[in-house]
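Asker: I'd like to ask some things about the structure below.
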């Protein structure tokens, strides 16, 4: 049976139950668009106003649902606009299929309109080499079935990540033999969850039993494994406290008695104190990156000179990447936790280890942090304190509502002050940290879970990177709420400048050059121009009601909040940018 290359691709997307294709048109991708038109009863095509938006939408969709969708871009600038969201998804282990159009193969090396590569023909795959798990470039129709089939397997096998399918213009249109096969024959029937070595599992249980101050750290790998239930069951049975990496927020209800909150410079006080005091650390799906560990400096988040690490990860490259380990377990976190619990129940049926002295110390740290946080979450200060913004959104967002935070200084307060109750309900751009992720990603969250509320907290800087997403929300009637944290600055970089360069700043505050007046566009008027309702909030007592109104409106809605720009995030840990000396934590108990 002969089929066009574009039809081979879209037919396989239908077989994989892909519900959405998101992107921007261009001459290089029109062949695929025509095929999607023919299958519009199976796949909904969403047109956005910038390719970055498509990537962020697809990224957020996967983080909520753990199922990939596809993006489409044209050759040249259309596809290079996709580089940043691909990098963000790759660094945070999120998956989507990026289909990029390219110039016709017969024009390779002739420098046709929008060909990428002067010395290498049609070379968009090299542009994104560092930011995808793999890039496929079928140059004949007969190569398409294998490429698209392997692309889906690559995306979700092991550690998830984005994959690129780069298709020359003529390959979309030409016909060839199409034997694509069925997903169940090549992907669905494969068990991708390896267990840990039983002997190593036994050693891990013995180490935890012998410990005086055991601790669990759960990272984003535990969320990707959907291991929340298993982790809570094991931690509860053994009575081992849990802290998380910032990306691990939600794997355990942060109001759970065993949860200490997230780690790092802007982590919770109890989380960092426990981390540097524990003697055995069970690490579940975490990479121990610099921001979650106080830049690997001993004695701030961890004291690895005196702590024994049991590191569990599905990717062996992560084990021992940043810290030495006593035991390394290559396996799926969910299954490894099942093994640990089963063995613990067998060994400690009569008497479990006693960690009561350790729990007493932890409760003291938690109490100190709670007494610090609560007044700030309810502060009536004006301009509005950043902590009040976080607290009021949390009050009105349902427990299973999806909260996205964009990149900026506000993200620091989110890590510290936002209580997450369920996994996959907080979405953050962490590793690559590109502004615009939440601004656009909130649309992807609503597509993945249309029955749930979705709110994006965006800095004024990050929102202005991709404000055109409001047009997409109106076009497709996607109800989402954007809360714009207006402090008239790229605030986190402004704070770095002030701290490292003697109080000087340049190009970080939004100021009219002639008058020195703080400046931002009228965000409510901007939203209105897109056809979106909105309100500006300056008094703390009006904030929660405004966000709640936007949620109940069930339409796109913008809430602009004027925030005190002079308040700096508190540091319970540290971070370092060599050669500068790291700052000492400025959180002091009782102050």
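Asker: Surrounded by 16 or more Cβ atoms within 10 Å (Cβ to Cβ), closer than 30 Å to residue 332 by Cα and modelled with pLDDT of 95 or more: does that describe residue 167? Lay out the reasoning, then the answer.
Answerer: Working: surrounded by 16 or more Cβ atoms within 10 Å (Cβ to Cβ): yes; closer than 30 Å to residue 332 by Cα: no; modelled with pLDDT of 95 or more: yes.
Taking the combined requirement at face value, the residue does not satisfy it.
Asker: A further question on this structure: Can you find a residue that is at negative phi, within 29 Å of the chain's Cα centre (by Cα), surrounded by fewer than 21 Cβ atoms within 10 Å (Cβ to Cβ) and in contact (Cβ under 8 Å) with a residue 60 or more places away in the chain anywhere in the range 122-139?
Answerer: no
Condition check ((1) assigned by TED's automatic domain parsing to the domain that holds residue 17; (2) on the phi > 0 side of the Ramachandran plot; (3) free of Cβ contacts under 8 Å to residues at least 40 places away in the same chain; (4) in contact with a strand residue (DSSP E or B) (Cβ under 7 Å, 6 or more places away or on another chain)) across all residues:
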| position | (1), (2), (3), (4) |
| --- | --- |
| 433 | no, yes, no, no |
| 437 | no, no, no, no |
| 455 | no, no, no, yes |
| 460 | no, no, no, yes |
| 475 | no, no, no, no |
| 479 | no, no, no, no |
| 501 | no, no, yes, no |
| 511 | no, no, yes, yes |
| 521 | no, no, no, no |
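Asker: Given the condition surrounded by fewer than 20 Cβ atoms within 10 Å (Cβ to Cβ) and not in a loop (DSSP other than H, G, I, E, B), answer yes or no: does some residue in the range 456-474 qualify?
Answerer: Yes, the range 456-474 contains a residue that is surrounded by fewer than 20 Cβ atoms within 10 Å (Cβ to Cβ) and not in a loop (DSSP other than H, G, I, E, B).
Asker: Let me ask another. Name the single residue, out of those in the range 255-300 being assigned to a loop (DSSP other than H, G, I, E, B) and at positive phi, that is surrounded by the most Cβ atoms within 10 Å (Cβ to Cβ).
Answerer: Our first condition is that a residue be assigned to a loop (DSSP other than H, G, I, E, B); within the range 255-300, this holds for 255-258, 263-268, 278-279, 285-297, 299-300.
From what is left, the residues that are at positive phi are 264, 285, 288, 294-296, 299.
On the way: 264: 28, 285: 31, 288: 22, 294: 27, 295: 19, 296: 16, 299: 12.
This residue is 285.
Asker: Can we say residue 590 is farther than 25 Å from residue 460 by Cβ and either assigned to a helix (DSSP H, G or I) or more than 28 Å from the chain's Cα centre (by Cα) (or both)?
Answerer: Yes.
Asker: For residues that are out of contact with any strand residue (DSSP E or B) (no Cβ under 7 Å at 6 or more places or on another chain) and surrounded by 15 or more Cβ atoms within 10 Å (Cβ to Cβ), tally how many sit in the range 203-216. Can you show your working first?
Answerer: Let us first name the residues in the range 203-216 that are out of contact with any strand residue (DSSP E or B) (no Cβ under 7 Å at 6 or more places or on another chain), namely 205-206, 209-210, 212-213.
Checking the rest, the ones that are also surrounded by 15 or more Cβ atoms within 10 Å (Cβ to Cβ) come to 205, 209, 213.
Looking only at that region, the number is 3.
Asker: Also: With respect to residue 23, is the statement that it is under 27 Å from the mean Cα position of the chain (by Cα) and not assigned by TED's automatic domain parsing to the domain that holds residue 469 true?
Answerer: yes
Asker: Residues of the range 477-495 being surrounded by 15 or more Cβ atoms within 10 Å (Cβ to Cβ) and farther than 19 Å from residue 410 by Cα, which ones?
Answerer: Those that are surrounded by 15 or more Cβ atoms within 10 Å (Cβ to Cβ) and farther than 19 Å from residue 410 by Cα: 478, 479, 480.
Asker: Listed residues 526, 498, 506, 543; which is part of a helix (DSSP H, G or I), surrounded by fewer than 18 Cβ atoms within 10 Å (Cβ to Cβ) and more than 25 Å from the chain's Cα centre (by Cα)?
Answerer: Within the list 526, 498, 506, 543, the selection yields 498.
Asker: Select the helices (runs of 4 or more DSSP H) contained entirely in the range 90-180, then report the ones holding at least 3 residues which are over 17 Å from residue 80 (Cβ atoms).
Answerer: 144-156, 169-173
Asker: Provide a single number: the residues in the range 106-120 that are in contact (Cβ under 8 Å) with a residue 12 or more places away in the chain, under 25 Å from residue 176 (Cβ atoms) and surrounded by fewer than 17 Cβ atoms within 10 Å (Cβ to Cβ).
Answerer: The qualifying residues number 2.
Asker: Of all residues in the range 337-375, which are in contact (Cβ under 8 Å) with a residue 12 or more places away in the chain and exposed (fewer than 13 other Cβ atoms within 10 Å of the Cβ)?
Answerer: Residue satisfying the conditions is 357 alone.
Asker: Could we say that residue 46 is touching a strand residue (DSSP E or B) at 6+ places or on another chain (Cβ under 9 Å) and surrounded by 24 or more Cβ atoms within 10 Å (Cβ to Cβ) here?
Answerer: Details: touching a strand residue (DSSP E or B) at 6+ places or on another chain (Cβ under 9 Å): yes; surrounded by 24 or more Cβ atoms within 10 Å (Cβ to Cβ): no.
No: the conditions fail for residue 46.
Asker: Just to confirm my filter: which helices (runs of 4 or more DSSP H) fall fully inside the range 309-424 and include at least 2 residues that are at pLDDT 95 or above and either within 20 Å of the chain's Cα centre (by Cα) or under 29 Å from residue 161 (Cβ atoms) (or both)?
Answerer: 333-347, 386-396, 410-417
Asker: Shifting gears a bit: Give the range 242-253 a look and list any residue that's touching a residue at least 60 places away in the same chain (Cβ under 8 Å) and either within 14 Å of the chain's Cα centre (by Cα) or surrounded by 24 or more Cβ atoms within 10 Å (Cβ to Cβ) (or both), or say none.
Answerer: Across the range 242-253, the qualifying residues are 246, 247, 249, 250, 251.
Asker: Further question on the same structure: How about the range 376-396: which of its residues are touching a strand residue (DSSP E or B) at 6+ places or on another chain (Cβ under 7 Å) and surrounded by fewer than 22 Cβ atoms within 10 Å (Cβ to Cβ)?
Answerer: Within the range 376-396, 383 is the sole residue that qualifies.
The values are calculated or read from the model by the stated rules, or taken from the named source; none is laboratory data. All figures in this text were calculated on a predicted structure; none of them were measured in a lab. All Cβ positions, glycine included, derive from the backbone under ideal geometry; neighbour counts span all protein chains shown.
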